[in-house]
């Protein structure tokens, strides 16, 4: 005679899935021992009571784990506090009234520090990423020469390109282009976008002379 | 019966166990990794201490000991007396043994010179 079916069903439903079989097995084994020692009726009653007790423990354990999980989630999502309170503003205002000279000096010092920071930042920016000496150069979002063999940006070619453009005497316009393959799905195949020639795109023309035919005007440089 | 390899070093910072945790751990050590599961642990405690042990408490205690890494568990072979279901066998981990040693050492240190009050011989 096995343990009451409802008891097995209850503990199986309430136990975590990986442990459902062994929890039900424990109940069945305990019931078998009671059958031998105490008889059928007593075993049925005691096993039923134990099933309720185990079920309550399983529910408590499930609730505890949920609480722990939520507490961990809350701790993880806790917003960053800036540490500024109303008392800080009150203290600042009182110090302003009490020591106006110190406030003025402090304000000037902070303004000077900010100006020094901005100047240094601009200097570094101009050294590392200078704008091109062209009209509307700020409209150029990016100009990059990529050395495919070396796998890096080709700074020397950019310099050569600028020198070459300035020394042109017979070429009316100098351009460069490259094909960029986009992974956009369009009807009829893959979309191809040609990145345009440098001088024409920038609205800059060469110095003088007729438009050159051949490789220079055809692009590809 | 004490089986399994429990010859590990005891760390000084081993966590102390609560009283029922200690009793459950000692029962698991006595039964060994092949026989320590909820039913047998409850029976062992009942037989040795004469306490009426609720299996639900043993189950909860073993779950928490496993969460703390003091015991590990795995399913055994299905058994006919369990309706063909396998038992979950518990093995005391090295950190669990260290915790048992630390707790029993603390109890011994506190009861050492109180034998005239406690009526113990050792």
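What follows draws every value from the coordinates through simple rules; no lab data is involved. Owing to the predicted nature of the structure, the values given are computational and were not obtained by experimental measurement. We place every Cβ from the backbone using ideal geometry, glycine too, and count neighbours over all the protein chains shown.
What FRET efficiency do you get for residue A:45 and residue B:19 if R0 is 41 Å and r is their Cβ-Cβ distance, rounded to the nearest 0.05?
0.85
Where the centre of each part is set by its Cα atoms, how far does region B:65-122 sit from region A:1-44, in angstrom?
About 25 Å separates the Cα centre of region B:65-122 from the one of region A:1-44.
Classify region A:61-128 from the C-alpha gyration tensor, please: rounded if a/c falls under 1.5, else prolate or oblate depending on whether a/b exceeds b/c.
Oblate.
How far apart, in nm, are the 7 Å Cα→Cβ label points at residue A:71 and residue A:85?
Each label point lies 7 Å from its Cα, and together they span 2.5 nm.
In a Gaussian network model over chain B where Cα atoms closer than 10 Å are linked, find which of B:52, B:72, B:95 has the largest mean-square fluctuation.
Comparing B:52, B:72, B:95 in the GNM, the peak value goes to B:52.
By how many degrees, between 0 and 90 and to the nearest 10, does the Cα long axis of helix B:38-49 differ from the longest principal axis of chain B?
30 degrees
If neighbour count is taken as other Cβ atoms inside 10 Å, put B:34, A:29, B:77 in order from fewest to most.
Ascending Cβ contact count within 10 Å gives the list B:77, B:34, A:29.
In nm, what is the difference between 0.36 nm times the number of residues separating residue B:104 and residue B:48 and their Cα-Cα distance?
18.4 nm is the gain from fully extending residue B:104 to residue B:48.
Please check: in the Gaussian network model of chain B (C-alpha springs, under 10 Å), which one of B:87, B:78, B:33 has the largest mean-square fluctuation.
Looking only at B:87, B:78, B:33, the biggest GNM fluctuation is shown by B:78.
Any idea what angle helix B:19-31 forms with the longest principal axis of chain B, computed on alpha-carbon atoms, 0 to 90 degrees, nearest 10?
Result, in degrees: 60.
On each of the three principal axes of the Cα atoms of chain B, give max minus min coordinate, whole Å, ordered largest first.
So the three principal-axis extents are 51, 31, 24 Å.
Shape verdict for region B:15-54, please, from the Cα gyration tensor: rounded (a/c under 1.5), prolate (a/b greater than b/c) or oblate.
Oblate, because a/c is 1.5 or more while a/b does not exceed b/c.
What's the FRET efficiency of residue A:154 with residue A:93 using the Cβ-Cβ distance as r and R₀ = 51 Å, to the nearest 0.05?
Calculated transfer efficiency: 0.35.
Pairs of Cα atoms under 8 Å, at least six residues apart: use those to get the relative contact order of chain B, whole percent.
It comes to 31 percent, rounded to a whole number.
Please average, across the residues of A:52-63, the number of beta carbons from any other chain that are within 10 Å of each residue's own beta carbon, and give a whole number.
Mean shielding by partner chains, rounded to a whole number: 3.
In degrees between 0 and 90, to the nearest 10, how far off the longest principal axis of chain B does helix B:55-67 point, with axes built from Cα atoms?
Helix B:55-67 and the main axis of chain B meet at about 80 degrees.
What is the average number of partner chain Cβ atoms found within 10 Å of a Cβ in B:79-88?
Taking the mean over all residues of the peptide, I get 6.
What spacing in nm lies between the two simple spin-label points modelled at residue A:59 and residue A:2, each 7 Å away from Cα in the Cβ direction?
Rounded to a tenth, the inter-label distance reads 2.5 nm.
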